[in-house]
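The values are calculated or read from the model by the stated rules, or taken from the named source; none is laboratory data. Remember, predicted model here, so these are calculated numbers, not experimental data. No Cβ is skipped: glycine too gets one built from the backbone with ideal geometry, and neighbour counts run over all protein chains shown. Each accessible area value is taken on the protein alone, full model and side chains, heavy atoms only, with ligands, DNA and RNA left out. Shrake-Rupley method; radii C 1.70, N 1.55, O 1.52, S 1.80 Å.
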Amino acid sequence: MKKILITGAAGFLGSHLCDRFINEGYCVIGMDNFITGDKKNLSHLNDNPNFKFIEHDVTEFISIEGSLDYILHFASPASPIDYLKIPIQTLKVGSLGTHNLLGLAKAKKARILIASTSEVYGDPLVHPQTEDYYGNVNTIGPRGVYDEAKRFQESITMAYHRFHGLETRIVRIFNTYGPRMRLNDGRVIPAFMGQALRGEDLTVFGDGSQTRSFCYVGDQVEGIYRLLLSDYTRPVNIGNPHEITIKDFAEEIIKLTNTNQKIIYKELPQNDPLQRQPDITLAKRLLNWEPKIGREEGMRMTYKYFKTLSEEELFKSEHKNFENHIKK
Ligand SMILES: NC(=O)c1ccc[n+]([C@@H]2O[C@H](COP(=O)([O-])OP(=O)(O)OC[C@H]3O[C@@H](n4cnc5c(N)ncnc54)[C@H](O)[C@@H]3O)[C@@H](O)[C@H]2O)c1
């Protein structure tokens, strides 16, 4: 039985990856310190004999008994609201955490896949973004902590590959959504759905003409799975190229949720990208992968999940208590 370590296992993507690898017959070790994740996302795996969980901060030394075949490094705050509140933890998990995991992969002779992001392209000057675009990042802007941590993560991963011959993979994930996202993590889909469920107006930043493209989690996991098992070591974009303006998207949500909310407009935050769209030519050619789930179907499944949340979860204003995790 192949053994895989998944960091960030209690998070949105990590928990879906745990499910996928369990279903593929792997022995899965999930690791998380719950800084943004939730035990609930893994509760269905508690009694699974092929799943083991280790509560651990990956920026500290990591020790795993026995062999390991694969590592997926997905631990990192991922939404702007998180990384603006815990900027130093964000920088540390991308740098020290990645270094620890590369060291572990080297010691175990395991293949490691690193979760990078479309944020490495910053506020892009090229559309759509291909993997050979170097990006347009403001290093000292508020989002710099996340973008630069991820850029460093890619660099150190390639250095381990070139210098130590480590088997590495890098996925550049574009906006992904689906069940188990945190309702109040500040990302646009849970934000709109939460507002609709609470009967509030939907907030659009700027004039709503900025575009986004959203990939359903099932498609994203399939792309990551194929990339891990491929021979390709350079970064690969995985995302859905179908673009929509935020204003049109807000209108779609109002229709989907069958509510009468209005759209209200607020000032655009600093360095919020105006357009983000993956070029997935490489993933198509290399992995024979492309997204299969359209926005309407994906949003329906996501809304169904959000509707199962309790009143308390729906109205909780403080999204996470970071104090317990932050060392003074
Ligand atoms: N969801 C997306 O659209 C998206 C887009 C681009 C990149 N990514 C990347 O995918 C990964 C997962 O994102 P997500 O959306 O599931 O976010 P998430 O916040 O739901 O999950 C991240 C998980 O990492 C854990 N974590 C953070 N720091 C840790 C540490 N030091 N030690 C151990 N665990 C730690 C958190 O507790 C959480 O469970 C991240 O690396 C993120 O940068 C996600």
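Beta carbons closer than 6 Å, at least 6 apart along the sequence or on distinct chains, pair a first residue in the stretch 175-200 that is open to solvent by less than 10 Å² (accessible area, probe 1.4 Å) with a second that is polar (S, T, N, Q) and not in a loop (DSSP other than H, G, I, E, B) for TYR177/THR302; GLY178/THR302; ALA196/THR257. Going by what's in this entry, would ASN240 be described as touching a residue at least 12 places away in the same chain (Cβ under 8 Å) and in contact with a strand residue (DSSP E or B) (Cβ under 7 Å, 6 or more places away or on another chain)? Here the answer is yes, as ASN240 does meet what is asked. Of all the criteria given as (1) touching a Phe, Trp or Tyr at 6+ places or on another chain (Cβ under 8 Å); (2) within 16 Å of the ligand (Cβ to nearest atom), the one not satisfied by THR257 is (2). Of everything in the stretch 52-66 that is of a type in the set (A, V, I, L, M) and under 15 Å from LYS3 (Cα atoms), the residue that is nearest to the ligand (Cβ to nearest atom) is ILE54. Scanning the stretch 235-285 for residues that are out of contact with any helix residue (DSSP H, G or I) (no Cβ under 8 Å at 6 or more places or on another chain), under 30 Å from LEU113 (Cβ atoms) and not in a loop (DSSP other than H, G, I, E, B) returns GLU243, THR281, LEU282, LYS284, ARG285.
In the stretch 262-280, the residues that are within 23 Å of CYS215 (Cα to Cα) never reach a residue that is modelled with pLDDT under 80 and in a loop (DSSP other than H, G, I, E, B) with C-beta atoms less than 7 angstrom apart, at least six apart or across chains. With the structure loaded, tell me whether GLY97 is crowded, with 23+ Cβ neighbours inside 10 Å, of a type outside the set (D, E, K, R) and more than 14 Å from the chain's Cα centre (by Cα) or whether it fails that test. So GLY97 fits the description; yes.
Screening VAL120 on (1) within 30 Å of ASN184 (Cβ to Cβ); (2) aliphatic (A, V, I, L, M); (3) in a helix (DSSP H, G or I); (4) open to solvent by 40 Å² or more (accessible area, probe 1.4 Å) shows it passes everything except condition (4). ILE140 falls short on exactly one of the conditions (1) farther than 21 Å from LEU228 by Cβ; (2) surrounded by fewer than 22 Cβ atoms within 10 Å (Cβ to Cβ); (3) touching a residue at least 12 places away in the same chain (Cβ under 8 Å), and that condition is (3). Restricting to the stretch 239-253, count the residues that are in contact with a Leu (Cβ under 7 Å, 6 or more places away or on another chain) and of a type outside the set (Gly, Ala, Ser). The number of residues fulfilling the criteria is 1.
Results for (1) more than 21 Å from ASP32 (Cα to Cα); (2) away from the ligand (no atom under 16 Å from the Cβ), shown as yes or no for each residue.
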{"residue": "LEU68", "(1), (2)": "no, yes"}
{"residue": "LYS85", "(1), (2)": "no, no"}
{"residue": "HIS99", "(1), (2)": "no, no"}
{"residue": "LYS109", "(1), (2)": "yes, yes"}
{"residue": "VAL120", "(1), (2)": "yes, no"}
{"residue": "GLN129", "(1), (2)": "yes, no"}
{"residue": "GLY135", "(1), (2)": "yes, no"}
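Filtering the stretch 8-33 to residues that are part of a helix (DSSP H, G or I), open to solvent by 20 Å² or more (accessible area, probe 1.4 Å) and within 7 Å of the ligand (Cβ to nearest atom) leaves PHE12, LEU13. Scanning the stretch 76-94 for residues that are among the small types (Gly, Ala, Ser) and open to solvent by 20 Å² or more (accessible area, probe 1.4 Å) returns SER76, ALA78. Within the stretch 205-223, is even one residue open to solvent by 50 Å² or more (accessible area, probe 1.4 Å), of a type in the set (Phe, Trp, Tyr) and away from the ligand (no atom under 11 Å from the Cβ)? Scanning the stretch 205-223 turns up at least one residue that is open to solvent by 50 Å² or more (accessible area, probe 1.4 Å), of a type in the set (Phe, Trp, Tyr) and away from the ligand (no atom under 11 Å from the Cβ).
Restricted to the stretch 37-51, and to residues there that are surrounded by 12 or more Cβ atoms within 10 Å (Cβ to Cβ) and either farther than 30 Å from VAL145 by Cβ or within 8 Å of the ligand (Cβ to nearest atom) (or both), the residue that is nearest to the chain's Cα centre (by Cα) is GLY37. Condition first: open to solvent by less than 50 Å² (accessible area, probe 1.4 Å), in a helix (DSSP H, G or I) and in contact with a helix residue (DSSP H, G or I) (Cβ under 8 Å, 6 or more places away or on another chain). Now tell me which residues in the stretch 149-174 satisfy that. Passing the criteria: ALA149, LYS150, GLN153, GLU154, ILE156, THR157, TYR160. Determine whether LEU102 is open to solvent by 10 Å² or more (accessible area, probe 1.4 Å) and not charged (D, E, K, R). Answer is no for this residue.
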